[in-house]
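Enquirer: Encoded as structure tokens, here's the structure I'll be asking about.
The values are calculated or read from the model by the stated rules, or taken from the named source; none is laboratory data. Computed from a prediction, not measured in an experiment: that's the story for all the values here. Neighbour counts are summed over all protein chains in view; Cβ atoms, including those assigned to glycine, are modelled from backbone coordinates with ideal geometry. Only protein heavy atoms, including side chains, enter the accessible area calculation; ligands, DNA and RNA are left aside. Shrake-Rupley method; radii C 1.70, N 1.55, O 1.52, S 1.80 Å.
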Amino acid sequence: DEEKLIKKELAALKEQVSAPSISLKQMRECLVRLIYCEMLGYEASFGYIHAIKLAQQGSLMEKRVGYLAVSLFLNESHQLLLLLVNTVLKDLQSTNLLEVCMALTVASQLFPPEMIPAVLPLVEEKLQHSKEIIRRKAVLALYKFYLIAPNQVQHIHDKFRKALCDRDPGVMAASLHIYLLLIKENPGGYKDLTGSFVTILKQVVGGKLAVDFNYHSVPAPWLQIQLLRILRLLGKDDPITSEQMYDVLDESLRRAEINHNITYAILFECIQTVYTIHPKADLMEKAAKCNGKFILSPKNNLKYLGLKALTYVIQQDLNLVLQHQMTIIECLDHPDPIIKRETLELLYRITNAQNVTVIVQKLLEYLRESKDEYVTISLVGKVAELAEKYAPNNEWFVQTMNAVFAVGGDMIPSDIPSNFLRLLAEGFDDEVEDKQLRLYAVNSYLALLEKDQVQYPQKFLQVMSWVLGEYSYLKTETKPEDIIEKLHLLLRKSSVSLETKAWILSAITKLFRLTLNAKVLLEILKSYGNSMDSCLRQCSFELKRLVENREIMNTVLPLDASCDDIV
């Protein structure tokens, strides 16, 4: 099998490379075979030192294989890397272009931060080299150095600016990687380069670069994407800087015809840039039209891009998103789960007082079908927030929250029922409206308890118990004894948890403020007075003492005073 063959080959190679009479050509061939063995996952560490030696001693062809083997065999923390420093320094000073290229490549791939100072001056010199390939590799090496040790290349920012204006497009493109990082960290320090970036993008979009940079007839697409990202960072919250970009962004939108994947990428970046920089109305409308084609596309990837782009549109103009409201809602029925998840986030962000009923209904329908725990936890919180913020009336609010509690089950975060009960208790500025809200909640929970063979989540039962205990007195046509009886039936169910039973006992205790004629009192005290659960025993003891002393009960449990401090 493979393992036996590779081990046999490694043993033969080990013997061959250790032979004193082996030639450089034979060593080169052995290292190529060792590279293949390592690529298959088998260790060939005995050959590492020979790779370094070949890079040091061989002719151009042997040196090339030696550097290739070293770059594949070693990593930044390998001890043998120290043996390579002098070789790289020597090759960086070579007059042979290929040797310089190989040294720059290995230095950028392997050298750790502590070795950078040894080669940095020579790499800086190569920024002035007459050959563009050397300048480009030097820029890429400095880019790697900046990634792993930014403080060591801070002093050569002026040389980066020269690379940006280099006559070779490849060198200029390589410098954009560094500028993207620098501008992310400090956009204000590079505002003066906005004109240069805009000019470069105009040249690229206008097809002024060599045909070699085209991809599927699109001029330098990756260069366009980098420039758009840079302009987005520079123009954010800056009207003066953004003003310089409007014309070139308009041209980019016009030229990015939707006929290939790479143009979709450019168009998406362009839309994102338009809605990130300081807004311009007609430009935003053009970007929205282009994005509409994404959303209506039958292709999943394009539809996702359209939905993602709308999250940026929302930040500037919600009305442009609302034009696609029904299309977005329809995406909830899409079979792709990623599109569904993006749609949920988008619907949450476009909800207002006018569309809240339609959107919340769709979100609840999705919740009922969802089996993803993460989605459920995230979505119930958003629905509860929307219901509290935009509820058109009390009935809708209570019904929606009931649906949240029923669908979310016991996965609901504890702050959702807490916030709901706090809102009921604190109310609004209108006492009449507060009373109607609480009375509707009482009626809805009594109706739910009437249903037989229906199991509600524990947190929902806790909410019901608290509301019935606090506000049942508002329902004057229903006797307190009947409500106590309903809660007692609930208390006896085996499916009810001990924690929920404590909530129910507390509610029953509050209801005894309104009556002393309930027949179930003795049964409750008998059942829970000796309970193994200390909390239930405590509740039972409190019920007994408060019933025996009405004066204390009225003091401790006054009507409609859940937000008041007891003095």
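Enquirer: Taking Asn301 as the residue in question, decide whether it is part of a helix (DSSP H, G or I), crowded, with 18+ Cβ neighbours inside 10 Å and either touching a Gly at 6+ places or on another chain (Cβ under 6 Å) or among the polar types (S, T, N, Q) (or both).
Expert: Criteria not met by Asn301.
Enquirer: Condition first: basic (Lys, Arg), over 23 Å from Arg550 (Cβ atoms) and not in a helix (DSSP H, G or I). Now tell me which residues in region 481-520 satisfy that.
Expert: Arg492, Lys493
Enquirer: Now a separate question. With the condition kept exactly as written, say whether any residue in region 188-200 is more than 33 Å from the chain's Cα centre (by Cα) and modelled with pLDDT of 90 or more.
Expert: yes
So that you can scan it fast, the table gives a plain yes or no per residue for (1) among the hydrophobic types (A, V, I, L, M, F, W, C); (2) touching a residue at least 60 places away in the same chain (Cβ under 8 Å); (3) open to solvent by 20 Å² or more (accessible area, probe 1.4 Å):
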position: Asp482; (1), (2), (3): no, no, yes
position: His488; (1), (2), (3): no, no, no
position: Lys493; (1), (2), (3): no, no, yes
position: Ser497; (1), (2), (3): no, no, yes
position: Lys519; (1), (2), (3): no, no, yes
position: Leu522; (1), (2), (3): yes, no, yes
position: Cys535; (1), (2), (3): yes, no, yes
position: Ser540; (1), (2), (3): no, no, no
position: Leu557; (1), (2), (3): yes, no, yes
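Enquirer: Listed residues Val454, Val432; which is of a type in the set (A, V, I, L, M, F, W, C), surrounded by fewer than 22 Cβ atoms within 10 Å (Cβ to Cβ) and in a loop (DSSP other than H, G, I, E, B)?
Expert: Val454
Enquirer: While we're looking at this one, here's another question. Residues in region 42-59: is at least one closer than 24 Å to Leu81 by Cβ, open to solvent by less than 100 Å² (accessible area, probe 1.4 Å) and over 48 Å from the mean Cα position of the chain (by Cα)?
Expert: yes
Enquirer: Among the residues of region 239-270, how many are in contact with a His (Cβ under 9 Å, 6 or more places away or on another chain) and in a helix (DSSP H, G or I)?
Expert: Final tally of qualifying residues: 8.
Enquirer: Could you list, in sequence order, all residues of region 380-415 that are under 26 Å from the mean Cα position of the chain (by Cα), surrounded by fewer than 17 Cβ atoms within 10 Å (Cβ to Cβ) and in contact (Cβ under 8 Å) with a residue 40 or more places away in the chain?
Expert: Those that are under 26 Å from the mean Cα position of the chain (by Cα), surrounded by fewer than 17 Cβ atoms within 10 Å (Cβ to Cβ) and in contact (Cβ under 8 Å) with a residue 40 or more places away in the chain: Gly409, Asp410, Ser414.
Enquirer: Keeping to region 514-533, report how many residues are within 22 Å of Ile552 (Cβ to Cβ) and at pLDDT 85 or above.
Expert: 0
Enquirer: Continuing with the same structure: Checking the condition open to solvent by 60 Å² or more (accessible area, probe 1.4 Å), within 20 Å of Asn291 (Cβ to Cβ) and among the charged types (D, E, K, R), which residue from Arg232, Arg254 passes?
Expert: Criteria check complete, one pass: Arg254.
Enquirer: Quick one: which of Thr327, Thr311 is under 20 Å from the mean Cα position of the chain (by Cα), open to solvent by 10 Å² or more (accessible area, probe 1.4 Å) and β-branched (Val, Ile, Thr)?
Expert: The match here is Thr311.
Enquirer: Restricting to helices (runs of 4 or more DSSP H) lying wholly in region 308-376: which have 2 or more residues that are basic (Lys, Arg)?
Expert: 337-350, 356-369
This table checks each residue for (1) farther than 13 Å from Val70 by Cα; (2) in contact (Cβ under 8 Å) with a residue 12 or more places away in the chain.
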| residue | (1), (2) |
| --- | --- |
| Asp1 | yes, no |
| Glu9 | yes, yes |
| Val17 | yes, yes |
| Ser23 | yes, no |
| Arg28 | no, yes |
| Arg33 | yes, yes |
| Glu43 | yes, no |
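Enquirer: Shifting gears a bit: Can we say Tyr67 is part of a helix (DSSP H, G or I), among the aromatic types (Phe, Trp, Tyr) and more than 30 Å from Lys126 (Cα to Cα)?
Expert: no
Enquirer: So, one more: Assuming Ser465 fulfils every condition listed in (1) surrounded by 14 or more Cβ atoms within 10 Å (Cβ to Cβ); (2) over 22 Å from Ala502 (Cα atoms) apart from one, which condition is it?
Expert: Failed condition: (2).
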